[in-house]
Amino acid sequence: MSDTPKLTRRPEWTALENHRAGRQPHLRELFAADPSRAERYTVRVGDLRIDYSKHLVTDETLGLLRELAAATDVFGLRDAMFRGEKINVTENRAVLHTALRAPRDAVIEVDGENVVPRVHEVLDKMSDFANRVRSGEWTGHTGKRIRNVVNIGIGGSDLGPAMAYEVLRPYTDRGLTLRFVSNVDGADLHEATRDLDPAETLFIVASKTFTTIETITNATSARSWLLKGLGGDEKAVAKHFVALSTNTQKVTEFGIDVDNMFEFWDWVGGRYSYDSAIGLSLMIAIGPDRFREMLDGFRIVDDHFRNAPAEANAPLLLGLLGVWYGNFFDAQTHAVLPYSHYLSKFTAYLQQLDMESNGKSVQRDGEPVQWQTGPVVWGTPGTNGQHAYYQLIHQGTKLIPADFIGFANPVAELSDELKAQHDLLMANLFAQGQALAFGKTAEEVRAEGVPEEQVPHRTFHGNHPTTTILATELTPSVLGQLIALYEHKVFVQGAIWNIDSFDQWGVELGKVLAKRVEPALTEGADVPGLDPSTAALVAAYRTLRK
Ligand code: F6P
């Protein structure tokens, strides 16, 4: 047991509880009382303008939250992370995704070794390879140019590159087809390869551990598909398979030459890895220069998180606001609502980042937590969600803090007619934020001549908290800035809740049990210890199976 006071017994926590128990002014009142609120509660970081004025906070609330951050030494842990200390306590590892975007001349040591030269060595190797594929210099076994790239990976070895590829589609080489296979359901690989010519297809096997059953199974099937398509010559593998991993031995055992391996390290968590070698597919799609622009974007927010004072530190503020709602308003979820079609996979990416990091119920020393930790993160791009679940956010019984993300400009390659739709898109974003915050009073509804019996149904209480993140346009750098913003926000919350945000033991049990159940399905073997429900399901499956 550590001597650190329990979070909920800290005086800073009690002060927040007392503050919460006091009168909470409606956002309508808060804005009426302070004409400068929108400006005062806006923070600018790089190309991001982050408006947090529509939150249920006053200067006093923010001050108390910052005191909690100080008491829990968020900035101390932040500095330890940037220094390369082993803050991932359960795995005894450094947490250095920030080193992946450090400049060449930076010095960041892990176990006495400066890791930055190795980061740049791999980036250079990736750049060289990406350029060779993009130019057609790297050809397949039969001499044909590579036109299709299939990334095989799951979790952090899939969601990051898959998300970023969608986000940066306008920057991609449109002559290349990129696909992402993650699911062990054979349908995923089937659909990804059914219309591809093996002679023109490069597989990127992405796995930090190179032991993940889904990835190894899919990679093995992809290898068979390739060899079948190319006449069975094993030598073809070297021209059509590369690996992204920390595990040289397993990569070699799989039959991929180490020359075709792009390395990263155990101090990069899977969900923090798409700016490492895991981003190779993305780099092939957008080119090394754009990839480096994205890394520059990450670095802008890293530097900000490291240096900005608490009052103007965006990841700190966003993290604290999440703590305010999760721990003092019992909010269970957090919606991320991007108003950009290109951000269609953004929230799915954040789900792993946030929920795998902060879905924990024990503290760093193993003691159970007695407070809420990470929220359920969800959401899809607007305006689609407006016609599906926004009703519940507006008029349901749950408090759902939400982030809106939008851009002042549409992407350059749209036709003028499609660009003109952008104002309508953004009008919706702004309108939703306004409606959620200010609602519509019964008096306003009555004044419109609405019959009395309908007034309650058409009244919007408002006071729903939202953050609006507005950027000029969706560039590689802006994507890097957004991802780093959320990475550090998640960090802040984990630090306050005193949990290890960098392990993921919770996914292990399911993996172990799946391995145990599989022989019952494939060979009909007896599996001792199956519970009655699962045993009945397994029996039914075997009977129904053709
Ligand atoms: O889901 C657990 C997990 O370990 C993630 O953290 C990781 O991103 C994913 O599996 C894939 O792991 P790997 O890259 O080792 O195949």
*Can we say residue 511 is open to solvent by 70 Å² or more (accessible area, probe 1.4 Å), under 30 Å from residue 372 (Cα atoms), in contact with a helix residue (DSSP H, G or I) (Cβ under 9 Å, 6 or more places away or on another chain) and of a type in the set (D, E, K, R)?*
yes
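Where in region 196-282 are there strands (runs of 3 or more DSSP E), lying wholly inside it, with at least 2 residues that are within 11 Å of the ligand (Cβ to nearest atom)?
Details: elements: 201-206, 241-245, 261-263.
In region 196-282, 201-206, 241-245 are the strands (runs of 3 or more DSSP E) which contain 2 or more residues that are within 11 Å of the ligand (Cβ to nearest atom).
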*How about region 27-42: which of its residues are part of a helix (DSSP H, G or I) and either in contact (Cβ under 8 Å) with a residue 40 or more places away in the chain or touching a helix residue (DSSP H, G or I) at 6+ places or on another chain (Cβ under 9 Å) (or both)?*
27, 28, 30, 31, 37, 38, 40
*Could you name every one of the helices (runs of 4 or more DSSP H) located completely within region 419-535 that has at least 2 residues being touching a residue at least 40 places away in the same chain (Cβ under 8 Å) and farther than 30 Å from residue 96 by Cβ?*
508-522
*Can you tell me which residues in region 41-95 are of a type in the set (Lys, Arg) and either at pLDDT below 95 or within 17 Å of residue 16 (Cα to Cα) (or both)?*
66
*When region 526-540 is examined, which residues are found to be surrounded by 12 or more Cβ atoms within 10 Å (Cβ to Cβ) and out of contact with any Lys or Arg (no Cβ under 9 Å at 6 or more places or on another chain)?*
534, 535, 537, 538, 539
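Quick check on this structure: which one of 188, 124, 158 is farther than 24 Å from residue 411 by Cα, within 16 Å of the ligand (Cβ to nearest atom) and open to solvent by 20 Å² or more (accessible area, probe 1.4 Å)? Before you say what the answer is, go through the steps one by one.
On the way: 124 fails: within 16 Å of the ligand (Cβ to nearest atom); 158 fails: open to solvent by 20 Å² or more (accessible area, probe 1.4 Å).
The match here is 188.
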*Selection from region 102-129 of residues that are of a type in the set (D, E, K, R) and not in a strand (DSSP E or B)*: 104, 105, 111, 118, 121, 124, 125, 128
*Single residue of 189, 202, 196, 227 found to be aliphatic (A, V, I, L, M), out of contact with any strand residue (DSSP E or B) (no Cβ under 9 Å at 6 or more places or on another chain) and at pLDDT 95 or above*: 227
*Take the residues in region 383-396 that are under 28 Å from residue 485 (Cα atoms) and of a type outside the set (A, V, I, L, M, F, W, C), then tell me which one is surrounded by the fewest Cβ atoms within 10 Å (Cβ to Cβ).*
384
*Of the residues that make up region 328-338, is at least one in a helix (DSSP H, G or I) and closer than 30 Å to residue 21 by Cβ?*
yes
*asked:* It is to be established whether one or more residues within region 161-177 are away from the ligand (no atom under 12 Å from the Cβ) and in a strand (DSSP E or B).
replied: yes
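Can you work out which of the residues in region 302-321 that are surrounded by fewer than 20 Cβ atoms within 10 Å (Cβ to Cβ) and aliphatic (A, V, I, L, M) is nearest to residue 496 (Cα to Cα)?
Restricting to residues being surrounded by fewer than 20 Cβ atoms within 10 Å (Cβ to Cβ) and aliphatic (A, V, I, L, M), the top hit is 310.
How many of the residues in region 130-149 are more than 15 Å from residue 260 (Cα to Cα), assigned to a strand (DSSP E or B) and either within 16 Å of the ligand (Cβ to nearest atom) or open to solvent by 20 Å² or more (accessible area, probe 1.4 Å) (or both)? Break it down into steps so the answer makes sense when it comes.
First, the residues of region 130-149 that are more than 15 Å from residue 260 (Cα to Cα): 134-137, 142-148.
Subsequent filtering for residues that are assigned to a strand (DSSP E or B) retains 145, 148.
So of that shortlist, the ones also either within 16 Å of the ligand (Cβ to nearest atom) or open to solvent by 20 Å² or more (accessible area, probe 1.4 Å) (or both) come out as 145.
Looking only at that region, the number is 1.
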_On the basis of being open to solvent by 40 Å² or more (accessible area, probe 1.4 Å), modelled with pLDDT of 90 or more and out of contact with any strand residue (DSSP E or B) (no Cβ under 6 Å at 6 or more places or on another chain), does residue 543 make the cut?_
yes
*State which residue pairs qualify: first residue touching a residue at least 60 places away in the same chain (Cβ under 8 Å) and inside region 189-217, second residue basic (Lys, Arg) and not in a helix (DSSP H, G or I) in any location, beta carbons under 6 Å apart, and separation of 6 or more residues or different chains.*
200/144; 200/147
*region 397-425, residues that are open to solvent by less than 50 Å² (accessible area, probe 1.4 Å) and within 22 Å of residue 350 (Cα to Cα)*: 399, 400, 401, 402, 403, 404, 405, 406, 407
*Hey, can you tell me all the residues within region 322-380 that are of a type in the set (S, T, N, Q) and either modelled with pLDDT under 95 or open to solvent by less than 50 Å² (accessible area, probe 1.4 Å) (or both)?*
327, 333, 340, 347, 352, 357, 358, 363, 373
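The values are calculated or read from the model by the stated rules, or taken from the named source; none is laboratory data. Everything numeric in this text was worked out from a predicted model, so none of it was measured. Cβ sites come from the backbone with ideal geometry, for glycine too, and all protein chains shown count toward neighbours. All accessible areas refer to the heavy atoms of the entire protein, side chains included, with ligands and DNA or RNA removed. Shrake-Rupley method; radii C 1.70, N 1.55, O 1.52, S 1.80 Å.
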